[in-house]
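Taking it in order: structure first as structure tokens, then the write-up.
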Amino acid sequence: MIYLNEVSKQFGPKILFNKISFHLRPKERVGLIGANGTGKTTLLRIICNDEPYDSGSITIRKNAKVARLAQELETNDRSILHRVVWGDGVFADIRKNLDRLEQDSKLHEEEPEEWSRQYGNWQHKLEQLNGYDREIRAKSILSGLGFHDHHMEEPLSKFSGGWRMRVELAKLLLEDPDVLLLDEPTNHLDLKSVVWLEGFLKNFQGSLLLISHDRSFLNGLVHRIAELDRGTLNEYKGDYESYEILKKEREALLEAAASNQQRRIAEVERFIERFRAKNTKATQVQSRIKMLNKMERIETTSQAKTVGFRFPQPARCGRVVLELKNINKSYGDLKVYQNFSAQLERGFKVALVGENGAGKSTLLKLMAEVLPIDSGELVPGHNVTRAYYAQHHSESLDPDRSVLDTMEGVAGHLTLTQKRNILGSFLFSGDDVEKKVGVLSGGERSRLSLAKMLVSPSSLLLLDEPTNHLDIKSCEVLAAALADYEGTLVTISHDRFFLDGIINRVWEIDSGNLKEYVGNYSDYEWAKAREAEALEATANTSEKKKESSEKSDKDRKREEAELRNRKYKKLKPLQTELVSLENKLEQVMEEKQKVELILADQEIYQADNKQKLQETLEQQRSLSREEQTLMEQWEVVHTAIEDAQNAVQ
């Protein structure tokens, strides 16, 4: 679908891409990852021709429709349903031409055949776009992204930026393009909408190039990872977990190759130093100097900047950290909480979950006392201090102050070195600390807001989507720091992997009521699945009893035996073939690893080993092709086994 050939892009002295090549195939799902600032968003903009590049070429399949989630949001008084349905220029053009023909009575009367030809042509195009059920599909997508029926006809201008971003996402999903480019699509979604979007994209028939810091989201969708690192693009087959394994293996090979190269360089340098002054060795010395100058040094793993810090541990507080007693909160006629009570105890690390509009953010703001209660009582515990983080807090930063000056206001008691160390932990190093806040990106502002909040220890942290605008590695380190934090935590996040690493209970908010689940987020999902099964079992009890009474034990056993027999006949040859493919694949991978270790040894690159080098490189290419073929065959057989299992159930 899309082919990038040696594309380069540079901003001033900073090289984003240096002759990178990449191929996005039909129906393929690829995760694009990399540290903040490596150029992921720029690459998507370049593909869509929204950003120029310096050299190379980009080829997109003829007539392929490429769609990217734009950051420039539409805002007008049209309804959100109108924006989603009519936002596609192709559909709007088709409808415009059909309406024109329907009103062209003159052409209809004077040239009925021509009128019918044109009308039939446009009608065929409308059918190809599934235009007749477009509004129904639009409502279904909007519903999946958290909009209720009464929202559909409300004006776009009424909604916040996050909700308008959902509308733009709905528009793209309805367009059903050949290639979908998504840049952090889950940032403005709650957990339920993230799960819905993941399911929707699994059934998407086009190609997908996805930027996301949500590991669970990536693991559920992509089959290949493309990592931007120091101007290069490295590819790994499989999901994010597979990428982590394969990257460690690649790094080990690089380290071995770099070590061998350094030994060779040291030997050459010793020769040069020893014989530099001898005329009889002048030619050999100059030859080796030229060789060193031409040698391409092997770069090992990038020590990429990540958020690296340990929370200052708070002063010990009372057992009860915060108590809410008979709280009432309304927005006009909308009653969010009535006689609501809850108690936070020391050491609780809570994730707030629930439907859109259930009141999660409201509860967090009430706890932080940035939103007043209508009635009731909010009682902090003994010696409790609170710190509240929300994304919009970054908007309150003074744009005219530098990053370092911004920290000065909350960290005046620290030395300059200490302040720089803290900022360095949040990816602000060197001259970055002198940047004005006004020129920072949204992600940089969010990191600066987090740094401000965490300079002083607080016994209660209240965090609203803290991982937005962080890259994957930064999310992991933040999760590790929060897991190490000894205070009390309440957070809202759509990142399931992040939550799993830090929380010890879930508070589910539903219709102004709270239900507690002890454990991490995976435990919560398991508990909800069991509840759903129990409800389904209760609903189907009478039907199952009726079916059971109509069948004798003999009939049931006969049917079960027939089912097992059908399943065995279908699965046995497929499973045998799968085992054979796995054995072949393991052998090929072992052979390939041996060849790559040979190539990692610098001795093979000597002039007298030229023939052996060519043979080894050809062997590597042959093994790579064989590995790819076997992997594709394995996927076909594995899918056939799953289909066979589902068919006989």
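Key figures
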| quantity | calculated |
| --- | --- |
| Peptides ranked, highest mean first, by Cβ atoms within 10 Å: ranges 283-293, 337-347 | 337-347, 283-293 |
| Projected label distance in nm at R270 and K610, using a 7 Å step from Cα toward the beta-carbon | 2.9 nm |
| Helix runs (DSSP H) in the chain reaching 20 Å along axis by Cα, Kyte-Doolittle at least 0.0 | 161-175 |
| Label-point separation in nm, H223 to E235, each point 7 Å along Cα→Cβ | 1.3 nm |
| Normalised contact order of the chain, rounded percent, pairs of Cα under 8 Å and 6 or more residues apart | 13 percent |
| Ellipsoid equivalent to the chain - semi-axes via the Cα gyration tensor, in Å | 46, 39, 32 |
| Span per principal axis, largest first, for the Cα atoms of the stretch 359-498 (Å) | 49, 33, 27 |
| Mean separation of Cα contacts under 8 Å, 6 or more apart, over the residue count of the stretch 557-647: relative contact order % | 45 percent |
| Expected 222 nm ellipticity per residue - DSSP helices of 4 or more, -39500 (n - 2.57), all of the chain, to 500 | -16500 deg cm²/dmol |
| Under 9 Å, Cβ to Cβ, from V320 - net charge with Lys/Arg +1 and Asp/Glu -1 | 0 |
| Relative contact order (%) - criterion: Cα under 8 Å, at least six apart; region: the stretch 130-270 | 16 percent |
| Taking the C-alpha atoms of the stretch 150-279, convex hull volume expressed per residue in Å³ | 175 Å³ |
| Which listed pairs, of K247/K290; K192/K247; K171/K528; K158/K360; K14/K435; K278/K610, have C-alpha distances above 24 Å, in listed order | K247/K290; K192/K247; K171/K528; K278/K610 |
| Enclosed volume per residue, in Å³, of the convex hull spanned by Cα atoms of the stretch 557-647 | 76 Å³ |
| Alpha-carbon Debye profile of the stretch 244-294, log10 I(q)/I(0) at 0.23, 0.27 Å⁻¹ | -0.80, -0.95 |
| Net lengthening on full extension, L129/T538 (0.36 nm per residue, minus Cα-Cα) | 143.0 nm |
| Cα radius of gyration and Dmax for the stretch 437-519 (Å) | 14.0, 43 |
| Computed lengthening from K248 to Q619, 0.36 nm per intervening residue step minus Cα-Cα distance | 131.2 nm |
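Read-outs throughout are calculated quantities, based only on the coordinates presented, and are distinct from any laboratory measurement. If you're wondering where the values come from, they're calculated on a predicted model, not measured in any experiment. Quick reminder, even Gly has a Cβ in these numbers, built from the backbone with ideal geometry, and neighbours come from all protein chains shown.
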